[in-house]
Each structure stands twice: as structure tokens, then as C-alpha cells.
1. Which of Thr82, Thr247 comes first, and how do the rest follow, when ranked by fewest Cβ neighbours within 10 Å?
2. Counting only trypsin sites (Lys or Arg not before Pro) that sit in a DSSP loop (anything but H, G, I, E, B) with at most 11 other Cβ atoms within 10 Å, what is the longest stretch of the chain containing none of them?
3. Amide H neighbours of Ala271 under 5 Å, counting only residues 5+ apart in sequence or on other chains, H built in-plane at 1.01 Å?
4. Rounded, prolate or oblate for the stretch 1-156? Axes are the square roots of the Cα gyration tensor eigenvalues, ordered a ≥ b ≥ c, and the cut-off for rounded is a/c under 1.5.
5. Could you pull out the GluC sites (Glu not before Pro) across the stretch 128-235 that fall in loop regions by DSSP (anything but H, G, I, E, B) with no more than 13 other Cβ atoms inside 10 Å?
6. GNM on the chain, C-alpha springs below 10 Å: top fluctuator among Asn266, Asn57, Asn291?
7. Do the sum for the chain: with -39,500 (n - 2.57) for every DSSP H run of n ≥ 4, divided by all residues, what is the mean residue ellipticity at 222 nm, to the nearest 500 deg cm²/dmol?
8. Among Lys202/Lys255; Lys205/Lys250; Lys255/Lys294; Lys250/Lys289; Lys37/Lys73; Lys37/Lys226, which pairs are too far apart, with a Cα-Cα distance over 20 Å?
Amino acid sequence: MQQNDINILAIESSCDETSAAVIQNGRVLSNHIATQKVHERYGGVVPEMASRAHIQNIVPVVDLALKDSGVNKNELTAVAFTQAPGLIGSLLVGSCFAKSFAQALKLPLIAVHHMQAHVLAHFIDDQPEFPFLCLTVSGGHTQIVLCRSHLDMEVLGETMDDAAGEAFDKVAKMLGMPYPGGPLVDKLAAQGDPLRFRFPTKEMKEYSFSFSGIKTSVLYFLQAQKKEDPDFVEKNLADICASVQYTIIKVLMTKLERAAKDMGINQVGIAGGVSANSGLRQALRDAGKRNGWKVFIPKFEYCTDNAAMIGITGYHKYLAGQFTDLSVVPSARASW
Ligand code: KG4
Ligand code: ZN
């Protein structure tokens, strides 16, 4: 522990994961995540239950992250927290905690945008060169982001309706799986035929996406098939998952390749919960080979929501002197 070490306590609470991390000079010392199992049986995140679970989890998770890092709270340099976007009740828990903690210890406070943090997760273990192009795919967002520097980012295109993760989760729900269904679809897809069933997709302008059509076409397809054979889903589960996953990945990769070509960028990554998908990870590696890209694929623990990515973003904001005061409030929707 050096006297001029920059030790950042980071807090993430935007949706259904309560997470805390300690980052020293841009290196992760600890990263703890409390996942909320309570939502599984409801088929989606129940906001009020998420807020209550955050209240229960936040103190033990922060405590664990501090103990595990070996950094004493008096050795902290700053506190970073997710300010937006997300579920407002969930954001409130993390932001109130961070503000109180920073005030009690007289530490500077850093507000972090969750989507910017998903992109900067790539800089935890790696250092993509700029300009860097990132496809961020989560339960709430689908974006192609152009990064000119750590803190200079531009959203080139995003979804006009459902997010890619939402499409995975909603199809999984139709197939009788618990929330979040994305990882289960991924697992089953590995044993299925991706070309067995075709689902139409909507052509969107430039780098925009639309996933609500896929969801509806799967719904109508399943209704029609179940009329013929009530056991259709059970008999064809792996092929349905593989075909849906193939369709979603094709839409994502087509736009990403187009953007990279148009911008002349060869440093390309994926981020967000859906970047844990094995099919998407492979599709990026294949596209990298085809196009001569250097590809960036996050470790699994940095794909889904985590505080380490809030910490790395906090670190870069600290270096840039971007602090916030105690009047800061969380925001459910905010662009950056
Ligand atoms: O980034 P994230 O943890 O939370 C949000 O900010 O939304 O992303 C969660 C989303 C969920 O929709 C979940 O089903 C999806 O990521 N997901 C996956 C996989 N792992 C997580 N989707 C497809 N395949 C996976 N392996
Ligand atoms: Zn996220």
C-alpha cells in the first residue's frame, strides 16, 4: 500500500445485482456480487423486491469487498457509484449509500453511467486501442458505441424497442424457463440445430436494432406448432433455442460488422450480460478472423452487472477530475 495509491470503492445497484468492488490504481482488488434469486419465479425483475434486496445486501457486500481487498476504509481515495440508468428504487439504494459513505469519510464522489461502465469493463484486464468499437448487449440496452477515448463515447445506434437480452429472456419465458432465461437458452442452443427454424427479422436503418418482432414471431410460431402437437416445445427445445439464438446473433453481428467497416475500425469488442453468450463470443471471434480485427471479449464476471466496471470507470473519471457533489440524484434514464 503506497501513500499515493488511488483506491476507489465502487458500488453497482442498477438492477438486480448488488455489487461492490475495490480498485487500486485501475487494478481490481476485490469484486463481490450478491445476485437476487427472488425474481426467478416472476419471469422478470420485480422493481420493489429488487430495492428491498439491495437494502439487505448493500452493507454486507461492501464490507466483504473492503475486507477482501485488504484496503481499510480510511485508505480509500474516492467512492464511485452507478447513478444511471436503471430501476430508480435500486439506483436510490446504491446512490444513498455511496453519498453517505463518502460524506462520513470526507471522500470525493464519482457518478458513473452504467452503460459507459459496461464498455470500460474491457479496460480492466486489457487495453483496446482507440478508436474502439463496442457492441453493448444487456437486459435493458443494445448499443453500438464508438469510443474515442476512455471518457469520450458516442452511441452510433441502439434498439428501437426490446433489448437483445430481453428477447432472450422473453423467448425463454415462452419456453417455460425461469428468469433470466438467456443463459439457459445459450446452454440448450449448444445441442440444437441453429438452421432448423427460421424467424423473420426487421431491417432497421443504419445501426439501429429491433427485437420485438423476433419475440412475436416466436410466439405465433409456438402457438401454431402446439396446436398440431402439444409436446412440440419439449421435443424440439434445443433446436428452438439454437434457432432463436442464431437469429439474434445474426442481427447483432450484421450491424456491428457494418459499423466497423464504415468507421474503418479494427479494435472491436462486446460487453454487457449477453456478451456472456457462447454463440455471440464465437461469432465475434469468427468476424475478427474474417475482417482482421483485434477482438475483445470480457471475462464472464465482467459481462453481467458488477462493481468492478463501475470502479474502472470511476478511476478514469478520477484521473480526469470528474467529481460530483452531494446534490447528485439517480436517474432511471440518462444518456451520456
Ligand atoms: O448486463 P446485465 O447483467 O444487466 C443489465 O444491465 O441488463 O445483462 C443481463 C442480461 C439478461 O437479459 C440475461 O438473460 C442476459 O444478460 N444474459 C445472457 C447470457 N448471460 C446473461 N443472454 C444470453 N446468453 C447468455 N449466456
Ligand atoms: Zn448492465
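Rule-based calculations on the coordinates, nothing more; no lab input. Given the structure is predicted, the values throughout are model-derived calculations rather than measurements. Heads up, the Cβs are rebuilt from the backbone with ideal geometry, glycines too, and the neighbour counts pull from every protein chain shown.
1. Values: Thr82 29, Thr247 22.
Fewest-to-most ranking of Thr82, Thr247: Thr247, Thr82.
2. On the way: sites that count: Lys106, Arg148, Arg198, Lys205, Arg333.
The answer is 206-332.
3. Under 5 Å from the amide H of Ala271 lie the amide H atoms of Leu135, Thr136, Val137, each far enough along the sequence or on another chain.
4. Working: a/c = 1.81, a/b = 1.01, b/c = 1.79.
It is oblate, given that a/c is not under 1.5 and a/b is not larger than b/c.
5. Numbers: sites: Glu129, Glu154, Glu158, Glu166, Glu203, Glu206, Glu228, Glu234; in loops: Glu129, Glu203, Glu206.
Answer by residue number: Glu129, Glu203, Glu206.
6. Comparing Asn266, Asn57, Asn291 in the GNM, the peak value goes to Asn291.
7. On the way: 10 runs with 147 residues, N = 336.
Counting only the DSSP helices, I get -14500 deg cm²/dmol.
8. Numbers: Lys202/Lys255 12 Å; Lys205/Lys250 16 Å; Lys255/Lys294 17 Å; Lys250/Lys289 16 Å; Lys37/Lys73 29 Å; Lys37/Lys226 31 Å.
The answer is Lys37/Lys73; Lys37/Lys226.
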